[in-house]
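Here it is, the structure, as structure tokens.
A short reminder: the numbers here are calculations on the coordinates, not readings from a lab. The structure presented is a predicted model; accordingly, all values stated were derived computationally and were not measured. Cβ placement follows ideal geometry from the backbone for every residue including glycine, while neighbour counts extend to all protein chains displayed.
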Amino acid sequence: MLKGKIIGFEDYEDYFIDAPFGEDSPFRLLTCHNQGLSFILVNPYHIIDDYTFDIDDKTVMELFDNSNPESSIAVLCVVRPTEETLYVNLRSPIVINVKKGRFVQVILENEGYGVSVPFAIKKTALQNEE
């Protein structure tokens, strides 16, 4: 179980992450416990190698409490039913502290990332050999 809030869905805070596409997939499903609400997440490093950002110290302290956390970064996917292209919100990443069971979605101010960026998953070296 993870506690956190998605911007625009602040009334919901109990979630769990599942891997319905398989453990090797960069996609995960963030589902609200006991609600019919789910979000598709993707590891942004499968989209761009140099995705970096800064978050304020207060957010870091609230999420990590000076612990040595096992954390992950994910971004929300936007699926538009009438299009074949997937989009990702790189401006509002989700930082997850797996050990504490908490996450925070932050809005980046100065990094220049978009909120609706079309993307394709990078192929691994193994896939390129096939």
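State the answer as a single residue: which of MET61, ASN43, LEU29 lies farthest towards the positive end of the charge dipole of segment 2-129, with beta carbon charges of +1 for Lys and Arg and -1 for Asp and Glu, about the Cα centre.
It is LEU29, whose Cα lies furthest towards the positive end.
Restricting things to Cα coordinates, could you compute the convex hull volume per residue of the chain in Å³?
That works out to 138 Å³ per residue.
Go ahead and set up a Gaussian network model of the chain, Cα springs under 10 Å, then flag whichever of GLU109, GLU23, GLU83 fluctuates most.
Of GLU109, GLU23, GLU83, the most mobile in the Gaussian network model is GLU83.
Need one number: nm distance between label points at ASP24 and PHE9, each 7 Å from Cα along Cα→Cβ, rounded to one decimal.
Spacing of the two 7 Å Cα→Cβ label points: 2.9 nm.
Ignoring everything except DSSP H segments at least 4 long, calculate the 222 nm mean residue ellipticity for the chain; use -39,500 (n - 2.57) per segment, divide by total residues, nearest 500. Intermediate values should be presented prior to the final figure.
Values: 2 runs with 13 residues, N = 130.
Rounded to the nearest 500, it is -2500 deg cm²/dmol.
Moving on. Springs between alpha-carbon pairs under 10 angstrom, Gaussian network model over the chain: which of PHE21, PHE53, PHE119 fluctuates most?
Of PHE21, PHE53, PHE119, the Gaussian network model singles out PHE21 as fluctuating most.
Compare VAL88, VAL78, VAL60 in a GNM of the chain, Cα atoms joined below 10 Å, and give the one with the largest fluctuation.
VAL60
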